[in-house]
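Participant: Starting off with a structure, shown below.
The values are calculated or read from the model by the stated rules, or taken from the named source; none is laboratory data. This is a predicted model, so every value here is computed, not measured. Please note: Cβ atoms are built from the backbone with ideal geometry, for glycine as well, and neighbour counts cover all protein chains shown.
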Amino acid sequence: MTPEVAERIARTVDPGCRLLALAPLSGGASSQVVALDVERANGERARRVVRRHGAGNLDRDPDTAAHEFQLLRVLRERGVPVPAPLHLDASGDVLPTPFLVLDFVEGTTEITEADLDGALDAMADHLLRVHAIRSDDDAVSFVLDHARLVTWWLAHPPERLDASLEEGVIREALTASWPWPRSGRPVLQHGDYWPRNLLWRGGRLVAILDWEDAARGDPLADLAITRLELVWAFGHEAAERFTRRYLASAPVDPATLPLWDLAAALRPAGRLTEWADGDPEREAAMRPAHAAFTANALARAGF
């Protein structure tokens, strides 16, 4: 993005502003995120975030930018901490693909060992707040149906399976048992609820980021995704503490959680190097943790 384009975008939100700086932010593998520092016409300084979705999201949902923009509005109305959506452009006149402009939320994704117990409780509480939005709520009727996504995903395996992550074993187990009984009422799912999508400030969770994978479906799907990520980040006991805190208040039957754990374990198949940010040491640590998580889920599911 050139400074000229960045300033044009900034002025759609803050007319008369002056661009001070622009810099890329970490937005994950599925999106491009750029921070714009501006001086507004009244002399105040502000930071805006321009967010563009990647080809994978656009292939799955060409309107993903508009849907995320709309969902952020709904979430803020429901008291879920998310960045304020400021502008949506799907014209293709400014950038070749649709983009959002969001308010910048100050915070960190880092969780220290000293703060871990409280953070795990807060993570569970906020996921419960998201899941309090039912999938039949008219306000989220535009969000994709998760069961349909899983059906397609299981029916279209890649040409080469990732044997190092037991992809063939996992796919066989899941395909043989799909569809699984519902754990409870279908809800709004975040779709990628993990530590690097959460911002903390002063010990409080102040923003849940990156909603492009949101869907409507079984709440245990979200729970399982977070469980695997917590195993990687903090170990098995941290994942279990988070799970206990969530299940203590969630109106769900956890019987199918092992199957959703396997679905979560399938997500990085063929992409673990990318998920490890290309860091060989990190990937080397992630592999045995993934293997243990998968073996445990297979055993609990009776495979």
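Participant: Of all residues being modelled with pLDDT of 90 or more and out of contact with any helix residue (DSSP H, G or I) (no Cβ under 8 Å at 6 or more places or on another chain) in the stretch 54-71, which is surrounded by the most Cβ atoms within 10 Å (Cβ to Cβ)? Just the residue, please.
Facilitator: Here the answer is 68.
Participant: Has the stretch 214-234 got any residue that is on the phi > 0 side of the Ramachandran plot, at pLDDT 95 or above and in a loop (DSSP other than H, G, I, E, B)?
Facilitator: Among the residues of the stretch 214-234, not one is on the phi > 0 side of the Ramachandran plot, at pLDDT 95 or above and in a loop (DSSP other than H, G, I, E, B), which makes the answer no.
Participant: Also: Within the stretch 40-56, is there a residue that is more than 17 Å from residue 105 (Cα to Cα) and assigned to a strand (DSSP E or B)?
Facilitator: Checked the stretch 40-56: at least one residue is more than 17 Å from residue 105 (Cα to Cα) and assigned to a strand (DSSP E or B).
Participant: Here are some conditions: (1) closer than 16 Å to residue 149 by Cα; (2) modelled with pLDDT of 95 or more. Residue 170 meets all but one. Which one does it not meet?
Facilitator: (1) is the only condition that residue 170 fails.
Participant: Within the stretch 3-31, track down each residue that is under 25 Å from the mean Cα position of the chain (by Cα) and either loosely packed, with under 15 Cβ neighbours inside 10 Å or aliphatic (A, V, I, L, M) (or both).
Facilitator: If the condition is that a residue be under 25 Å from the mean Cα position of the chain (by Cα) and either loosely packed, with under 15 Cβ neighbours inside 10 Å or aliphatic (A, V, I, L, M) (or both), then 22, 23, 24, 25, 26, 29 are the ones that fit.
Participant: Another question, if that's okay. Looking at the stretch 121-130, is at least one residue exposed (fewer than 13 other Cβ atoms within 10 Å of the Cβ), modelled with pLDDT of 95 or more and touching a strand residue (DSSP E or B) at 6+ places or on another chain (Cβ under 9 Å)?
Facilitator: Looking for residues that are exposed (fewer than 13 other Cβ atoms within 10 Å of the Cβ), modelled with pLDDT of 95 or more and touching a strand residue (DSSP E or B) at 6+ places or on another chain (Cβ under 9 Å), one finds none in the stretch 121-130, hence no.
Participant: Applying the selection to the stretch 21-35, what residues are over 22 Å from residue 149 (Cβ atoms), touching a residue at least 40 places away in the same chain (Cβ under 8 Å) and not in a loop (DSSP other than H, G, I, E, B)?
Facilitator: 35
Participant: Which pairs do you get when a residue that is closer than 16 Å to residue 98 by Cα, found in the stretch 1-20, comes within reach of a residue that is in a helix (DSSP H, G or I), reach meaning Cβ atoms under 9 angstrom, with the pair 6+ apart or on two chains?
Facilitator: 1/9
Participant: For the stretch 127-163, which positions are assigned to a helix (DSSP H, G or I), more than 18 Å from residue 225 (Cα to Cα) and in contact with a helix residue (DSSP H, G or I) (Cβ under 7 Å, 6 or more places away or on another chain)?
Facilitator: 139, 140
Participant: While we're looking at this one, here's another question. Kindly establish whether residue 250 is of a type in the set (A, V, I, L, M) and out of contact with any His (no Cβ under 6 Å at 6 or more places or on another chain).
Facilitator: It is true that residue 250 is of a type in the set (A, V, I, L, M) and out of contact with any His (no Cβ under 6 Å at 6 or more places or on another chain).
Participant: Shifting gears a bit: Considering only the stretch 257-286, state which residues are part of a helix (DSSP H, G or I) and loosely packed, with under 14 Cβ neighbours inside 10 Å.
Facilitator: 274, 280, 281, 284, 285
Participant: Just to check your reading of the model, which residue among 74, 34 is buried (at least 17 other Cβ atoms within 10 Å of the Cβ) and more than 24 Å from residue 131 (Cβ to Cβ)?
Facilitator: The match here is 34.
Participant: Yes or no: the stretch 130-137 includes at least one residue that is more than 24 Å from residue 223 (Cα to Cα) and either among the hydrophobic types (A, V, I, L, M, F, W, C) or in contact with a Lys or Arg (Cβ under 9 Å, 6 or more places away or on another chain) (or both).
Facilitator: No, the conditions are met nowhere in the stretch 130-137.
Participant: Just to be sure I understand the filter: pairs with C-beta atoms under 6 Å, separated by 6 or more residues or on different chains, first member in the stretch 87-109 and of a type in the set (Asp, Glu), second member assigned to a loop (DSSP other than H, G, I, E, B) and surrounded by 15 or more Cβ atoms within 10 Å (Cβ to Cβ). Which pairs pass?
Facilitator: Taking only residues 6 or more apart or on different chains, the pairs are 103/83.
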